[in-house]
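Student: Submitted below is the structure of interest, expressed as structure tokens.
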Amino acid sequence: MAQTLASPAMDAEASPPRSISGHFQRALGAIGGVWMRAARMALDIALPTLCVSCREPVHGEGVCAACWAKLSFIAPPFCPRLGIPFVYDPGPELLSMEAIASPPAYQRARAAVRYDDVARTLVHALKYQDRTDLAPTMGRWMARAGKELLDGADLLVPVPLHWRRGWGRRYNQSGALAKVISRQSGVKMASEALRRIRATEQQIGLSRKDRASNVQGAFGIADERKAEIQGRRVILVDDVLTSGATADACARALLRAKAAQVDVLVFARVVDTHRAPI
Ligand SMILES: O=P(O)(O)OC[C@H]1O[C@H](OP(=O)(O)OP(=O)(O)O)[C@H](O)[C@@H]1O
Ligand SMILES: O=c1cc[nH]c(=O)[nH]1
């Protein structure tokens, strides 16, 4: 009769080392651990983590206390539809001018912070400087800002990059944020369903009108992925909302695939795009 033997690698994983060589290996591992910690401490002293915004040394998270205090976290009162902060509380259910004048395809939008100087440094570090270590903090702030949306949602869908930009960047910043929000909220993530089917120019530097035509028809869902979206309450996740053109074009694609509802959750939103250039 054939005997089944567990592989040595599986044995080593499954049971504590019993042989002399096993103890020796464990001792080496412990010394290795001490060395690793010492090396990390030395590295922290030699190259301390700097605040993304002001470049002062910082413990732990990406921004120092002073820059954190400068971030403008968005809190009520705001437009229940677009999440645009109000200067004073106009009463429940009162919509912003923007929501009345040009209602988007998505239902509601929420953002963690206003897009200002400190927020810009965080967004740009996350997507242009490989600082994916910032995603856990930014994603946690987003999960808090989007709690009301997350409570009734079925699916998180990150705004996709075109494959060529994804190749160059090596990660999708919105995917990194969505992953954190998914862990925080328990809402499932569908990262491959929505695709950017046309390479688009960067939105930065374009006018409101050009932003809309840049992304018009740029997103789609393959037929075999439509069942994932159909009937689901989807939250679209992105790093920034400026004119809303990207979110609107994505929402249209999701609604064409019969999503029950599309809401939008971003890290930062530009407030007052009519007065400030975008
Ligand atoms: O609300 P909007 O006016 O559409 O602008 C916001 C969008 O613009 C940026 O993406 P972009 O396509 O420029 O690519 P990037 O990720 O390379 O910045 C940003 O990441 C948003 O997706
Ligand atoms: O990344 C950014 C930042 C600001 N405005 C944009 O449209 N994109």
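Student: Identify all residues within segment 83-94 that are in contact (Cβ under 8 Å) with a residue 40 or more places away in the chain, assigned to a loop (DSSP other than H, G, I, E, B) and not β-branched (V, I, T); write none if there are none.
Tutor: G83
Student: Out of the residues in segment 205-229 that are part of a helix (DSSP H, G or I) and within 16 Å of ligand 2 (Cβ to nearest atom), state the one that is nearest to R256 (Cα to Cα). Give the derivation first.
Tutor: We begin by selecting, within segment 205-229, every residue part of a helix (DSSP H, G or I); these are 208-215, 223-229.
In the following step, the residues that additionally are within 16 Å of ligand 2 (Cβ to nearest atom) were identified as 208-215.
Details: R208: 24, K209: 23, D210: 23, R211: 21, A212: 18, S213: 19, N214: 19, V215: 16 Å.
Per the criteria, the residue is V215.
Student: Hey, any hits in segment 233-254 for a residue that's at positive phi and away from ligand 2 (no atom under 16 Å from the Cβ)?
Tutor: Checking segment 233-254: not a single residue is at positive phi and away from ligand 2 (no atom under 16 Å from the Cβ).
Student: Could you list, in sequence order, the residues of segment 181-204 that are surrounded by 15 or more Cβ atoms within 10 Å (Cβ to Cβ), more than 10 Å from ligand 1 (Cβ to nearest atom) and in a loop (DSSP other than H, G, I, E, B)? Before you say what the answer is, go through the steps one by one.
Tutor: Taking segment 181-204 and keeping what is surrounded by 15 or more Cβ atoms within 10 Å (Cβ to Cβ), we get 181-182, 184-185, 187, 189-191, 193-197, 200, 203.
Applying the additional criterion that residues be more than 10 Å from ligand 1 (Cβ to nearest atom) yields 181-182, 184-185, 187, 189-191, 193-195, 197.
Matches in segment 181-204: V187, A190, S191, A193, I197.
Student: Which of (1) farther than 14 Å from P160 by Cα; (2) touching a residue at least 12 places away in the same chain (Cβ under 8 Å); (3) not polar (S, T, N, Q) does V240 not meet, given it meets every other one?
Tutor: Against the list (1) farther than 14 Å from P160 by Cα; (2) touching a residue at least 12 places away in the same chain (Cβ under 8 Å); (3) not polar (S, T, N, Q), V240 comes up short only on (1).
Student: Next question. Only one of L156, L94 is of a type outside the set (K, R), at negative phi and touching a Pro at 6+ places or on another chain (Cβ under 9 Å). Can you tell me which?
Tutor: Selected residue: L94, the only one of L156, L94 that is of a type outside the set (K, R), at negative phi and touching a Pro at 6+ places or on another chain (Cβ under 9 Å).
Student: What pairs come out if I take residues in segment 198-213 that are touching a residue at least 12 places away in the same chain (Cβ under 8 Å) and closer than 23 Å to G166 by Cβ and pair them with residues that are aliphatic (A, V, I, L, M) and more than 8 Å from ligand 1 (Cβ to nearest atom) whose C-beta lies under 7 Å away, six or more apart or interchain?
Tutor: R198/A218; T200/A218
Student: Restricting to segment 167-190, name every residue that is over 21 Å from A268 (Cβ atoms) and small (G, A, S).
Tutor: G168, G186, A190
Student: Would you confirm, using the coordinates I've provided, whether A99 is part of a helix (DSSP H, G or I), under 17 Å from E148 (Cβ atoms) and of a type in the set (G, A, S)?
Tutor: Yes: the conditions hold for A99.
Student: On the basis of being closer than 20 Å to R108 by Cα, more than 8 Å from ligand 1 (Cβ to nearest atom) and assigned by TED's automatic domain parsing to the domain that holds M138, does L241 make the cut?
Tutor: In short, no.
Residue by residue, here is whether (1) farther than 14 Å from V240 by Cβ; (2) without any contact (Cβ under 8 Å) to a residue 60 or more places away in the chain holds:
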position	(1), (2)
Q107	yes, no
R114	no, no
A119	no, no
V123	no, no
K127	no, no
T137	yes, no
A153	yes, no
W163	yes, yes
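The values are calculated or read from the model by the stated rules, or taken from the named source; none is laboratory data. This one's a predicted model, so the numbers in the text were calculated from it and none came from an experiment. Methodologically, a virtual Cβ is constructed for each residue, glycine included, from the backbone with ideal geometry; neighbour enumeration extends over all protein chains shown.
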